[in-house]
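Written out below as structure tokens is the structure these notes cover.
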Ligand code: SF4
């Protein structure tokens, strides 16, 4: 069996988002994504040809002194061998999170992995790609993320939350440069919405610097 993955980068930094924000984490960024979101900040991961064996990835990860691993992209699940990587990491006892676009089925993801799944909002221009069946499969350990670029996105996201209940924690995040964080915070408070607002801490610290 071919157990290689196309990898854009492996780096060590602080988790900038979601429940593990601020924790030192190894990021494994897989190459390739079938989507083209308007606000994408990882276009450099769309293409590449850096094949690594699962063994080599595991050895690379081991050198860092952390149990937290984030498998991200691109869209990690676009490579079928991603599941072998997730299984290997879980078997070694790492606390693994998976960042996924929500456009690929999550049924086969290792059950110990914490999934952080997007719902693509209208301003992403990829909302037709959402696989809504995924939402009911998320569990309490998982998180569902709406990236909000306008009031239309906000109202649309509230409707989706009503239509598709989930056990996962819900995150609302502003699109950098499209709405201010204060606008989003005010809308959440006015609506009495039961979500967690988050800002991308790594962007506040390092801007768009690659590998941070
Ligand atoms: S799913 Fe993620 S990596 Fe793919 S285009 Fe959208 S933001 Fe970029």
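Kindly indicate the residue of segment 74-83 that is out of contact with any helix residue (DSSP H, G or I) (no Cβ under 6 Å at 6 or more places or on another chain) and in contact (Cβ under 8 Å) with a residue 12 or more places away in the chain and also surrounded by the most Cβ atoms within 10 Å (Cβ to Cβ) among those meeting that condition. In this case the residue turns out to be 77. Within segment 90-105, being within 14 Å of the ligand (Cβ to nearest atom) and in a loop (DSSP other than H, G, I, E, B) holds for 101, 102, 103, 104.
Quick grid of which residues meet (1) in a loop (DSSP other than H, G, I, E, B); (2) modelled with pLDDT under 95; (3) within 13 Å of the ligand (Cβ to nearest atom):
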position	(1), (2), (3)
36	yes, no, yes
39	yes, yes, yes
47	yes, no, yes
52	no, no, no
59	no, no, no
70	no, no, no
80	yes, no, no
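The set of residues in segment 182-212 being modelled with pLDDT under 95, in a helix (DSSP H, G or I) and surrounded by 14 or more Cβ atoms within 10 Å (Cβ to Cβ) consists of 201, 202, 203, 206.
Inspect all residues belonging to segment 111-127 and state whether any of them is away from the ligand (no atom under 16 Å from the Cβ), surrounded by fewer than 24 Cβ atoms within 10 Å (Cβ to Cβ) and under 20 Å from residue 7 (Cα atoms). Steps first, answer last, please.
Taking segment 111-127 and keeping what is away from the ligand (no atom under 16 Å from the Cβ), we get 111-114.
Filter once more, so that each one left must be surrounded by fewer than 24 Cβ atoms within 10 Å (Cβ to Cβ): 111-114.
Now narrow it down to the ones that are under 20 Å from residue 7 (Cα atoms): 113.
Taking every residue of segment 111-127 in turn, at least one turns out to be away from the ligand (no atom under 16 Å from the Cβ), surrounded by fewer than 24 Cβ atoms within 10 Å (Cβ to Cβ) and under 20 Å from residue 7 (Cα atoms).
Filtered by the rule that a residue be in contact with a helix residue (DSSP H, G or I) (Cβ under 9 Å, 6 or more places away or on another chain) and more than 11 Å from the ligand (Cβ to nearest atom), segment 131-147 gives 132, 135, 144, 146.
When you check residue 170 against the structure, is it surrounded by 15 or more Cβ atoms within 10 Å (Cβ to Cβ) and over 18 Å from residue 37 (Cα atoms), yes or no? So that I can check it myself, show each step before the final result.
On the way: surrounded by 15 or more Cβ atoms within 10 Å (Cβ to Cβ): yes; over 18 Å from residue 37 (Cα atoms): yes.
Considered against the rule, which asks whether it is surrounded by 15 or more Cβ atoms within 10 Å (Cβ to Cβ) and over 18 Å from residue 37 (Cα atoms), residue 170 comes out as yes.
Could you say whether any residue in segment 121-128 is touching a helix residue (DSSP H, G or I) at 6+ places or on another chain (Cβ under 6 Å), in contact (Cβ under 8 Å) with a residue 12 or more places away in the chain and over 27 Å from residue 44 (Cα atoms)? Taking every residue of segment 121-128 in turn, none turns out to be touching a helix residue (DSSP H, G or I) at 6+ places or on another chain (Cβ under 6 Å), in contact (Cβ under 8 Å) with a residue 12 or more places away in the chain and over 27 Å from residue 44 (Cα atoms).
Can you confirm whether residue 43 is exposed (fewer than 14 other Cβ atoms within 10 Å of the Cβ) and out of contact with any helix residue (DSSP H, G or I) (no Cβ under 7 Å at 6 or more places or on another chain)? Spell out the reasoning first.
Numbers: exposed (fewer than 14 other Cβ atoms within 10 Å of the Cβ): yes; out of contact with any helix residue (DSSP H, G or I) (no Cβ under 7 Å at 6 or more places or on another chain): yes.
For residue 43, the condition - exposed (fewer than 14 other Cβ atoms within 10 Å of the Cβ) and out of contact with any helix residue (DSSP H, G or I) (no Cβ under 7 Å at 6 or more places or on another chain) - is met.
Looking only at segment 166-196, how many residues end up being over 15 Å from the mean Cα position of the chain (by Cα) and under 25 Å from residue 136 (Cα atoms)?
Filtering segment 166-196 down to residues over 15 Å from the mean Cα position of the chain (by Cα) leaves 166-167, 176-196.
From the residues that got through so far, the ones that are under 25 Å from residue 136 (Cα atoms) too are 166-167, 188, 191-196.
The qualifying residues number 9.
The values are calculated or read from the model by the stated rules, or taken from the named source; none is laboratory data. Note that the structure is predicted; figures quoted are calculated from it, not measured. Positions of Cβ are backbone-derived with ideal geometry, glycine not excepted, and every protein chain shown enters the neighbour counts.
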